[in-house]
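In what follows, a single structure is set out as C-alpha cells and then discussed.
The values are calculated or read from the model by the stated rules, or taken from the named source; none is laboratory data. Because the structure is a prediction, the values reported are computed rather than measured. No Cβ is skipped: glycine too gets one built from the backbone with ideal geometry, and neighbour counts run over all protein chains shown.
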Amino acid sequence: MSKVWIWMLAILCLGCPQARALTFGTVVIDPGHGGRDGGCVWNGLVEKKLCLDTAQRLERLLKAKGLRVIMTRRTDVHVELEDRAATANRNSKAVFVSIHFNASRDRSISGMEIFYRSASGRKLAGNILRRMDQNLKGVNRGLFHGDLSVLRRTLMPAVLIECGYLSNQTESKRCGTVAHRQGLAESIASGILASRS
C-alpha cells in the first residue's frame, strides 16, 4: 500500500466516531421500570428491584472515580420513558446507561446483551459488554442496534443493558446474589471508564 493511501486511511479513521474516545464527565444511570411497572417477574425475582440495586452499586463505583452521576430514579417509583430521557438531556457531555434484566418464554435462553442506537452508543456498548464478558459468568449474546424509546429520545451516547435472563433458572440464581450484582456494576463501570480513555 502506498504512503498516500496510508495517510488517507489515517485521516478517515480520525474522523470515525468509533476511533475516538468519548468526552463526558457525567453518567446518567437509568434503573429500568419501577413503581407500578415491575418489569419481568421470574423465579421469585422482580426486575425493578434488581435494576435499582445494580444501578446504585454502579453509582457508588463511578462517583468513587470522580464522575458526576445522575439517577433517573432512586426509589421504587414509576418514571415515564420520556421523563427518563428528559432528565438525561438536561446534562451536557454525558452518557446514558439504562439497566435492565430480561426474560423469555423459552427458559433455556440466557445471557447478557446490550442495545445501542448511534455509533457513539455502539462504542460505549462494546466496551461495557467486553468487560461483562471477561469478568462474569454467562453467555455473551452480543450488541444489537435498537430503536428503543430511551435510546431514541436521548441526545447523547446511550445504551440499554440486559444483564441476564431471570426466566432461566441458573441465571436467575446468579442475578439474585449480591456478589453477582456487584460484579455487574463493576464490569459496567469498567466499560464506561474505558470509553473515556
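Return only the number of the condition from (1) modelled with pLDDT of 95 or more; (2) more than 30 Å from residue 82 (Cβ to Cβ) that residue 197 does not satisfy.
Single failed check for residue 197: (1).
Write out, first by first residue and then by second, each pair whose Cβ atoms fall under 7 Å of each other, whose residues are 6+ apart or on separate chains, and whose first residue, in region 68-89, is farther than 19 Å from residue 156 by Cβ while the second is among the acidic types (Asp, Glu) and in a strand (DSSP E or B).
Filtered contacts from region 68-89: 78/37.
Go through (1) of a type in the set (Gly, Ala, Ser); (2) crowded, with 24+ Cβ neighbours inside 10 Å; (3) without any contact (Cβ under 8 Å) to a residue 12 or more places away in the chain one by one and return the number of the condition residue 179 breaks.
Here residue 179 meets the rest and fails (2).
Just one of the numbered conditions (1) part of a loop (DSSP other than H, G, I, E, B); (2) touching a residue at least 40 places away in the same chain (Cβ under 8 Å); (3) not small (Gly, Ala, Ser) is not true of residue 95; which one?
Evaluating residue 95 over (1) part of a loop (DSSP other than H, G, I, E, B); (2) touching a residue at least 40 places away in the same chain (Cβ under 8 Å); (3) not small (Gly, Ala, Ser) leaves (1) as the failure.
So which residues in region 30-45 are surrounded by fewer than 19 Cβ atoms within 10 Å (Cβ to Cβ), free of Cβ contacts under 8 Å to residues at least 60 places away in the same chain and at positive phi, if there are any at all?
Scanning region 30-45 gives a single hit, 35.
Among the candidates 57, 105, single out the residue that is outside any helix (DSSP H, G or I), touching a residue at least 60 places away in the same chain (Cβ under 8 Å) and basic (Lys, Arg).
When all the criteria are applied, what remains is 105.
What is the one condition in (1) of a type in the set (A, V, I, L, M, F, W, C); (2) part of a loop (DSSP other than H, G, I, E, B); (3) within 14 Å of the chain's Cα centre (by Cα) that residue 114 does not satisfy?
(2)
Limited to region 76-90, what total is found for residues that are of a type in the set (D, E, K, R) and within 19 Å of residue 54 (Cα to Cα)?
2
With the structure loaded, tell me whether residue 77 is of a type in the set (A, V, I, L, M), surrounded by fewer than 18 Cβ atoms within 10 Å (Cβ to Cβ), under 17 Å from residue 29 (Cβ atoms) and more than 14 Å from the chain's Cα centre (by Cα) or whether it fails that test.
Against the criterion (of a type in the set (A, V, I, L, M), surrounded by fewer than 18 Cβ atoms within 10 Å (Cβ to Cβ), under 17 Å from residue 29 (Cβ atoms) and more than 14 Å from the chain's Cα centre (by Cα)), residue 77 qualifies.
The conditions are (1) in contact with a Cys (Cβ under 8 Å, 6 or more places away or on another chain); (2) assigned to a loop (DSSP other than H, G, I, E, B), and residue 24 fails exactly one of them. Which is it?
Unmet for residue 24, out of (1) in contact with a Cys (Cβ under 8 Å, 6 or more places away or on another chain); (2) assigned to a loop (DSSP other than H, G, I, E, B): (1).
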